[in-house]
1. So, residue 192, is that one surrounded by 14 or more Cβ atoms within 10 Å (Cβ to Cβ) and under 30 Å from residue 101 (Cβ atoms) or not?
2. Are any of the residues in the range 186-203 assigned to a loop (DSSP other than H, G, I, E, B), over 22 Å from residue 40 (Cα atoms) and either modelled with pLDDT under 95 or in contact with a helix residue (DSSP H, G or I) (Cβ under 7 Å, 6 or more places away or on another chain) (or both)?
3. Check whether at least one residue in the range 178-187 is surrounded by fewer than 14 Cβ atoms within 10 Å (Cβ to Cβ), without any contact (Cβ under 8 Å) to a residue 24 or more places away in the chain and within 20 Å of the chain's Cα centre (by Cα), and report yes or no.
4. Give the number of residues within the range 153-165 that are in contact (Cβ under 8 Å) with a residue 40 or more places away in the chain, under 14 Å from residue 128 (Cβ atoms) and in a helix (DSSP H, G or I).
5. Only one residue in 128, 45 is outside the structural domain of residue 187 (by TED's automatic domain parsing), touching a residue at least 12 places away in the same chain (Cβ under 8 Å), surrounded by fewer than 17 Cβ atoms within 10 Å (Cβ to Cβ) and under 27 Å from residue 13 (Cβ atoms), so which one is that?
6. In contact with a strand residue (DSSP E or B) (Cβ under 7 Å, 6 or more places away or on another chain), crowded, with 16+ Cβ neighbours inside 10 Å and under 25 Å from residue 206 (Cβ atoms): does that describe residue 80?
7. Taking the condition of being closer than 17 Å to residue 252 by Cβ and part of a helix (DSSP H, G or I), how many residues in the range 208-226 meet it?
8. Which one of these does residue 135 not meet: (1) surrounded by fewer than 18 Cβ atoms within 10 Å (Cβ to Cβ); (2) over 22 Å from residue 155 (Cβ atoms); (3) out of contact with any strand residue (DSSP E or B) (no Cβ under 7 Å at 6 or more places or on another chain)?
């Protein structure tokens, strides 16, 4: 049996070799990649961005996102809504650079790399691969600085983003199997799933009304963190959705 992973022609994953790149205000193309870009946003991106902007998740979705067709027909994808100007610039681009840099999305952090996750391995095991992008306008590739993939992940603080995005990918795989058969697009289950993933404040309100946290074996520390920490709530929401849609999850009922 051939277990070697095959990739599209021209796509070669980086191994332990280093790549050349640096982005800073002294590079001539600085901020060019923040304009006219198609950027997908994932649930953890939105948690971080709405916190940085000090607004609720519903307001963030309304002001800064648009829905598009996802990788499968059973759940929409979320993209960043660009400014309606000639350059189609990122709404968070300020004169001196990114105004939400500390909480910038995972796509911005990963660049100039692209990350792919093999999610078809048995028993939920997965492996990720990184590919070096090649955009003609980007002069950062000519800067005399070198990174390995591991060094870049650490430098860009991608660990939390990758971990949460992997959990989201696992959930989206469930969505791709059409777990809301018979409801059609936009039915009650899909709306619930969308709230959990993209409207963490709305989900928190619903959970309080339904006494959802009391239905599971959670420690006091877990409950306290869920009450105030959007990341902890999003993790709980992902686990709850798996139980809600498949009947299996790490959550244990009382």
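1. Against the criterion (surrounded by 14 or more Cβ atoms within 10 Å (Cβ to Cβ) and under 30 Å from residue 101 (Cβ atoms)), residue 192 does not qualify.
2. So far as the range 186-203 goes, yes, one or more of its residues are assigned to a loop (DSSP other than H, G, I, E, B), over 22 Å from residue 40 (Cα atoms) and either modelled with pLDDT under 95 or in contact with a helix residue (DSSP H, G or I) (Cβ under 7 Å, 6 or more places away or on another chain) (or both).
3. no
4. Looking only at the range 153-165, we keep the residues that are in contact (Cβ under 8 Å) with a residue 40 or more places away in the chain, and these are 156-158, 160-162, 164-165.
Within this subset, residues satisfying the condition of being under 14 Å from residue 128 (Cβ atoms) are 158, 161-162, 164-165.
With the extra rule that they be in a helix (DSSP H, G or I), the set shrinks to 161-162, 164-165.
Selection size over the range 153-165: 4.
5. Values: 45 fails: surrounded by fewer than 17 Cβ atoms within 10 Å (Cβ to Cβ).
Of the residues listed, the single one that is outside the structural domain of residue 187 (by TED's automatic domain parsing), touching a residue at least 12 places away in the same chain (Cβ under 8 Å), surrounded by fewer than 17 Cβ atoms within 10 Å (Cβ to Cβ) and under 27 Å from residue 13 (Cβ atoms) is 128.
6. When the stated conditions are applied, residue 80 does not pass them.
7. The initial filter retains those residues of the range 208-226 that are closer than 17 Å to residue 252 by Cβ, namely 211-223, 226.
Now narrow it down to the ones that are part of a helix (DSSP H, G or I): 212-215, 220-223, 226.
Adding up the residues that qualify gives 9.
8. That leaves (2) as the condition not met.
The values are calculated or read from the model by the stated rules, or taken from the named source; none is laboratory data. Keep in mind that this is a model prediction, so the values were computed, not measured. Note that each Cβ is placed from the backbone with ideal geometry, even for glycine, and that neighbours are counted across all protein chains shown.
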